[in-house]
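Undergrad: Next up is a structure, given as structure tokens.
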Amino acid sequence: MGNGKKSTFYSWVVLFLITPIYFFSNLQKVIIPGAAFDELQQAFALDAAGVTRLGALFLGVYAASQLITGVLADRYGGARIIFAGGLIFCAGSIMSAFDNSLLLLCFSRIITGFGAASIYLCMVKEIGRVAGSALPMILGIATLIGYTGSITGATPFIAGVDRWGYFPMVIGTGTITFLCYLLYVVFAMREKFPPVQKEVKFSIVSYLKVFHNPQNCSLMLSVGISFGIYFALQSTLGKKFLEDFCKLSSEKAGLVLTATMIIAAVNGFIVANISRWTGNRRRPVIVFSGVGCFAGILMILSGVLLNTGSWLPITGMLLMAFAGNVAPIFVAVLKESNEEHRFGTSVCVCNAFAYAISSLACWGAGKLMDIYAPQILNGIKIYSRESYLLVFGALTLLGAVAAVLSCFIRESYGKSIAGEFLTTSRGEK
């Protein structure tokens, strides 16, 4: 509690301690099934649709849970919600180590996804509260830290599993996550939280009001689709594609994914600086996200269509990594385009949409891949060029939608433009 300075100090400390939990939530997004696609196929005798459904399950739960978390964060504040959400996330992370059946694996991923959904949104809410106008820069730094979790979940995690086995790596990860959570709790208990916003309540209306704002709709569709496609490749489809079509070894495919994760991690910090250096312009970054994603997925499709080998698809994946993560600017535009008491809800709806796109992309890709029978080599299913033409053809159409809609974003120049979008329906002003 204490005086204002002490409260401010603890606010920054608590905010800092959320970032390692966010690191592990990003790690959990990519280790299952993306890093273990072939291993899961062999262990549970799954086809591509079965493995991608596992990824879709986690991302679907993650997306749906954010709709709950966003309203809770608006009502109670982000720091309070992490008390419960962080504990659930830790429980799911540790449970994943004890999975010895597909049913248990699915259950643990549901628990993990439900808990992980609270981390990012609550971190964003706390950054908005503590950092104020410095939100894009601080969020860029936090995103950079968080994305190193995705990097760790690729080549380093795969190497650890090869050396020590699945159980020690997963139980070790879960244990460290729980220790980080306990450290957060110790300091958060000393924080003076803002009062509960009792006027914020669960209702369909609170979600529908997000869609009354045309800026929210354009952002949700453009950035949501761009990120959704990128993350489906990153978390589930990318490694398998690189192994099957590009003929890369598991280690080299992991290195490519690690490179894309590094780019995405650093890019969040880069776009925040570019916006600041150009007079807090947000629109060019959002347009680049939509157009860059479309260009990247089109390059991958062209590589498959023309049988160019690995260079063109890999170049497309690297471009998508640059375009896929513009989170600091995306969140900043939402904050500047919405009233404060609707900020968390708008972020949760738009973020949930992005992960719902990832979930649907994973599920749909698995269905499309299984249209053509795979070749089985040493017990591993290898999918054909025709399968990947279907997958990337469908994703290219989605990418085109994102590119067009990104052009409808209104510039805010780092200032609140929420008043421009307030409706006059039902007596609102």
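Undergrad: If a/c stays under 1.5 just call it rounded; otherwise compare a/b with b/c (prolate if a/b is bigger, oblate if not). Do that for segment 182-264, with a ≥ b ≥ c from the square roots of the Cα gyration tensor eigenvalues.
TA: Details: a/c = 3.90, a/b = 1.60, b/c = 2.43.
Oblate, because a/c is 1.5 or more while a/b does not exceed b/c.
Undergrad: Shifting gears a bit: How long is the gain from Ser384 to Leu179 if the chain were fully straight, where each residue apart is worth 0.36 nm and the alpha carbon distance is subtracted?
TA: Working: separation 205, 0.36 × 205 = 73.80 nm, distance 4.44 nm.
Roughly 69.4 nm would be gained on extension.
Undergrad: Positive end of the charge dipole of segment 79-172 (Lys, Arg +1 and Asp, Glu -1 on Cβ, about the Cα centre): tell me which of Gly140, Trp164, Ser93 has its Cα farthest that way.
TA: It is Gly140, whose Cα lies furthest towards the positive end.
Undergrad: Compute the distance from the alpha-carbon center of segment 291-313 to that of segment 181-231, in whole Å.
TA: Taking the Cα centre of each part, segment 291-313 and segment 181-231 sit 34 Å apart.
Undergrad: Name the residue farthest towards the positive end of the dipole of the chain from the options Ile262, Ala188, Ala116, assuming +1 on Cβ of Lys and Arg, -1 on Cβ of Asp and Glu, about the Cα centre.
TA: Projecting each Cα onto the dipole axis, the largest value belongs to Ala188.
Undergrad: Let me ask something else. Kindly report the accessible area of the chain per residue (heavy atoms of protein chains, probe 1.4 Å, no ligands, DNA or RNA), in Å².
TA: Numbers: 16890 Å² over 429 residues.
Computed with neighbouring chains in place, this is 39 Å² per residue.
Undergrad: Check cross-link reach from Lys367 to the lysines: straight Cα distance under 25 Å, and skip same-chain residues fewer than eight apart.
TA: Lys29, Lys239, Lys240, Lys247, Lys381
Undergrad: Ok, one more. Rg/Rh for the chain: what does it come to with C-alpha atoms and Rh from Kirkwood?
TA: Details: Rg = 20.9 Å, Rh = 21.7 Å.
Checking Rg against Rh, the ratio lands at 0.97.
Undergrad: Against the longest alpha carbon principal axis of the chain, how many degrees, from 0 to 90 and to the nearest 10, is the axis of helix 155-164 turned?
TA: Value to nearest ten degrees: 60.
Undergrad: With a 10 Å cut-off between alpha carbons and a GNM built on the chain, which of Ile88, Ile371, Ile110 moves the most?
TA: Looking only at Ile88, Ile371, Ile110, the largest GNM fluctuation is found for Ile371.
Undergrad: Moving to a separate point now. Report, ordered by chain and residue number, the lysines lying within cross-link reach of Lys209, taken as a straight Cα distance under 22 Å and ignoring same-chain residues fewer than 8 apart.
TA: Within the straight-line limit of under 22 Å, Lys209 reaches these lysines: Lys125, Lys198, Lys201, Lys335, Lys415, Lys429.
Undergrad: Among all stretches of the chain without exposed GluC sites (Glu not before Pro) (DSSP loop, at most 11 other Cβ atoms within 10 Å), which one is longest? Working shown, then result.
TA: Details: sites that count: Glu199, Glu428.
Longest run free of exposed loop sites: 200-427.
Undergrad: Check each of the chymotrypsin sites (Phe, Trp or Tyr not before Pro) in segment 334-398 and keep only those in coil by DSSP with at most 12 other C-beta atoms within 10 angstrom; list them in order. All intermediate terms of the calculation are to be shown ahead of the outcome.
TA: On the way: sites: Phe343, Phe353, Tyr355, Trp363, Tyr372, Tyr383, Tyr388, Phe392; in loops: Tyr372, Tyr383.
Qualifying residues, ordered by number: none.
Undergrad: Please report, as a whole percent, how much of the solvent-accessible surface of the chain comes from carbon and sulfur atoms (probe radius 1.4 Å). Write out the running numbers ahead of the final one.
TA: On the way: 11870 of 16890 Å².
Heavy-atom surface of the chain belonging to carbon and sulfur, 1.4 Å probe: 70 percent.
Undergrad: Multiplying the sequence separation of Thr278 and Trp311 by 0.36 nm and subtracting their Cα-Cα distance, what value in nm do you get? Working shown, then result.
TA: Working: separation 33, 0.36 × 33 = 11.88 nm, distance 3.33 nm.
Working it through step by step, the gained length comes to 8.6 nm.
Undergrad: Can you give me the relative contact order of the chain as a percent, contacts being Cα pairs under 8 Å and 6 or more apart?
TA: With pairs under 8 Å counted, the relative contact order is 26 percent.
Undergrad: Calculate the dipole size of the chain relative to its Cα centre from +1 charges on Lys and Arg beta carbons and -1 charges on Asp and Glu beta carbons; express the result in debye to the nearest 20.
TA: On the way: 32 positive and 20 negative charges, 234 e Å.
Rounded to the nearest 20 debye, it is 1120 debye.
The values are calculated or read from the model by the stated rules, or taken from the named source; none is laboratory data. The structure displayed is predicted, hence computed values, not measured ones. Positions of Cβ are generated from backbone atoms using ideal geometry, with glycine treated the same way; all protein chains shown enter the neighbour counts. In case anyone asks, the SASA skips ligands and DNA or RNA and just uses the protein heavy atoms, side chains included. Shrake-Rupley method; radii C 1.70, N 1.55, O 1.52, S 1.80 Å.
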